[in-house]
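Data first, discussion second: the structure below is written as structure tokens.
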Amino acid sequence: MTQSSPDANSFPDLVELDALRLTVIVDNEVDFMSSCPRELNHTTQAQTLFKDKRNIDKERSTVESDTNAGGHHGHSSHAHDHHGHPSHTHGSDSAFRTVNFHFQDVCCGAHGLSILLTGTKDNVEHRVLFDTGPHSAIFLENAKRLEVEFEKIEVIVLSHWHIDHSGGMLTAVDKIQEARSKGQGLAPVVVDLHPDRPDERGIRLTRPSGSHEQPDVFDYVAWGKDPSFKELEDAGAKVSQSSQAHTVCDGFFGVSGVIPRMTAYETGLPNHARWSVETKLWKQEQEIMDERYLVARVKSKGIVVLTGCSHAGVINVCQDVKRAFQHGKGAGNNDLHFVVGGFHLAGLSMETRIKETVSDMLDLNPSFMAPGHCSGWRAKAALEQAMPGKVVSLGVGSDFLINHHGS
Ligand SMILES: [Zn+2]
Ligand SMILES: [Zn+2]
């Protein structure tokens, strides 16, 4: 562990929310089956489909769909259980409903991250979109399946300039602006970005050991261009550039500045590189200094942290959050409640950091963690083994409700 830093981020005007909902629009994983602690009020889009009254199969139901099924009159000609209890005949239920489940309606996984946050306080609601996934098609399709209300999204926060987080952004702005322009006096969506946008980023491939072919030639993989400030403005967004800690949506959400690098082992992403249009050269860039995290505070629960990829290291992220909220800075509960997003501990060079990460995470002691995206199964398994019951699946289509009324 490390000492406190004068560079810690701070969010003095972050308010305390009554509730925070997280809806996962894009993640690497599809997992609508794993159980989740009750306190997180977890549901998934697939489970919602299990109960979707629009898909009730009247021919295979013996009871009305539901007395409250607005617009759906699922009256059945079949026999009812007049006592209101399930009855059984030789292993078969005589009173039942059937919903047809269509697997093609379930959200799809993709390498990337996009999470919609809905904060509420005193019946006021604000929504922020944290990252937009790797490309338009997956963002749009999953948002449609989740029935995202685009007109209610006020701000898009980009965690860092990597295409698996920014790739769906222009489409997201298009959709949000299309929806907001129909509303009464709704301001343009704000896109909150770090000013240091690279021309393009990529990775230098590791040479197979024992390879002697062309020893001076290196292979790079270019990931594609992030949307530009101008493209976003042309799409109707209000671009807001910041490299400092600040809050958005009347203090509902905090966006960090630079994440201080404090631990010895979280040394960035080996072989990561930045392309320069001007020099026409790849430059090594192990530290991705434009990365920011997002925080929210929920009454009686504490701090919820969203981290895009944790290129700064998830321990550096969490330690900075601890410093930001230590000694009662700001009003309310400052416990580390829920750490959500990419922990970036997958791949040979990163997996060596799992042991120390788990050890330091034990000290930080968050109530819950949802390691998703680039975390990798080894890190998830190690965290769960060290802290049983604290690790939950992020998974596309997941919905978590952090609520001070909850258990
Ligand atoms: Zn990523
Ligand atoms: Zn990244």
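Some values worked out for this structure:
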item	result
Some residue of region 379-401 being aromatic (Phe, Trp, Tyr), surrounded by fewer than 18 Cβ atoms within 10 Å (Cβ to Cβ) and away from ligand 2 (no atom under 16 Å from the Cβ)	no
Selection within region 140-167 - open to solvent by 30 Å² or more (accessible area, probe 1.4 Å), aliphatic (A, V, I, L, M) and closer than 19 Å to Leu22 by Cβ	Leu146
Any strands (runs of 3 or more DSSP E) falling wholly within region 186-259 and containing at least 3 residues that are farther than 23 Å from Pro134 by Cβ and of a type in the set (D, E, K, R)	none
Residue count, region 278-304 (criterion: open to solvent by less than 10 Å² (accessible area, probe 1.4 Å) and touching a Phe, Trp or Tyr at 6+ places or on another chain (Cβ under 7 Å))	6
Which numbered condition Leu170 misses (of (1) more than 16 Å from ligand 2 (Cβ to nearest atom); (2) open to solvent by less than 40 Å² (accessible area, probe 1.4 Å); (3) in contact (Cβ under 8 Å) with a residue 40 or more places away in the chain; (4) closer than 30 Å to Ala222 by Cα)	(2)
Some residue of region 348-363 being modelled with pLDDT of 95 or more, surrounded by fewer than 18 Cβ atoms within 10 Å (Cβ to Cβ), of a type in the set (A, V, I, L, M, F, W, C) and assigned to a helix (DSSP H, G or I)	yes
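Condition check ((1) exposed (fewer than 12 other Cβ atoms within 10 Å of the Cβ); (2) aromatic (Phe, Trp, Tyr); (3) more than 16 Å from ligand 2 (Cβ to nearest atom); (4) at pLDDT 95 or above) across all residues:
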| site | (1), (2), (3), (4) |
| --- | --- |
| His72 | no, no, yes, no |
| Ser76 | no, no, yes, no |
| Asp81 | no, no, yes, no |
| His85 | yes, no, yes, no |
| His88 | yes, no, yes, no |
| Gly109 | no, no, yes, yes |
| Leu117 | no, no, yes, yes |
| Leu129 | no, no, yes, yes |
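The values are calculated or read from the model by the stated rules, or taken from the named source; none is laboratory data. Values in this document were obtained by computation on a predicted structure and should not be read as measured data. Ideal geometry is used to build each Cβ from the backbone, glycine not excepted, and the neighbour counts take in all protein chains shown. To get the accessible areas, we keep the full protein, side chains included, count just its heavy atoms, and leave off ligands, DNA and RNA. Shrake-Rupley method; radii C 1.70, N 1.55, O 1.52, S 1.80 Å.
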